[in-house]
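Bear in mind that the values in this text are calculations on the coordinates, not laboratory data. Here the structure is a predicted model, which is why all the values come from computation and not from measurement. Note: ideal-geometry Cβ built from the backbone for every residue, glycine included; neighbour counts use all protein chains shown.
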Ligand code: 13P
Ligand code: SF4
């Protein structure tokens, strides 16, 4: 393997031009990757950007289910990822066969699945949602229909409270958001009495109860821009703090506290598998690629298109 260039940022910019490639990055990526991305966003914004792009190559700096969604929406384009091993605990905790068996037990129910799931689960779902449009999607389902919501039980419970709809929940969770400590958050609130607590709906109920604002990654960012406050305790993955600090340099952002002081548990170990080096190599070699069975891909597209039409 030839040596890596000293200036990875410039080399990535050159490769993007050479290969007619676009770099999409989630807010949970490392700051250096965020800074070289063409589109930065939450799960919904990135799916929308993937649908719109006319680039020949999509390099997706996020996790596997996000790149898979980009491929489902762009079967004729090359979709590459920096690291194929960048998975997600929510997607891993909901295997397609077990999900289909669950659905089969409730044949009259409508199933809404969070985008953090595999193509197999998407293909067996009626609707996909993200954290920014989930409430709207749930409200669009006729009142007399039972709803199966997978795979995030925390987002599901939050939506039940918001919409008043009873739903059957798959018992999955995000390894990052479920490790925030309520006890340590109480301590932080005492230390920063003027700080506002803001949280992603993947967090557990006691954390959401303490939050003044709950929303998707983008909604949290927008809140910190428009809100007159000066200090925020941010209960989601640490990567988003980079954009919050850039957008509001006069405000203070405090990372949400994990269970133990010593761990970096508020960083997603899957998202953080991606590095600038791997982004460079993926663009240079046009691999690893997302490849999918065409039948599965077409079936998985149906509930994603329904979501995009409602968003
Ligand atoms: P959003 O991008 O919808 O905020 O979801 C966060 C997340 O956990 C992505 O994996
Ligand atoms: Fe999955 Fe949680 Fe990582 Fe998002 S933060 S990719 S939900 S493990």
Antiparallel versus total DSSP beta bridges in the range 29-178: what percent is that, nearest 5?
0 percent
Please report the Cα spread of the range 10-76 along all three principal axes, rounded to whole Å, starting with the longest.
30, 26, 17
Compactness of the chain - radius of gyration and Dmax, Cα, Å:
19.4, 61
Rounded to the nearest 0.05, what FRET efficiency is calculated for residue 162 and residue 32 with R0 set to 30 Å and r the Cβ-Cβ distance?
0.25
Rank by packing, highest mean first: peptides 188-197, 253-262, with packing defined as the count of other Cβ atoms within 10 Å averaged across residues.
253-262, 188-197
Using a 10 Å cut-off on Cβ atoms, rank the peptides 120-128, 108-116, 133-141 from the highest mean neighbour count down.
120-128, 108-116, 133-141
In Å³ per residue, the alpha-carbon convex hull of the range 91-164 encloses 80 Å³
At residue 250 and residue 51, where each label point lies 7 Å from the Cα along Cα→Cβ, what is the point-to-point distance in nanometres?
3.8 nm
Pairwise label distance in nanometres, residue 18 with residue 219, each label 7 Å out on the Cα-Cβ vector
4.3 nm
Taking only C-alpha pairs under 8 Å that are 6+ residues apart, what is the relative contact order of the chain in percent?
23 percent
Quickly rank 285-294, 26-35, 198-207 as a protection proxy: mean count of other C-beta atoms within 10 Å, highest first.
198-207, 26-35, 285-294
Cα→Cβ-extended label distance, 7 Å offset, between residue 295 and residue 97, nm
1.7 nm
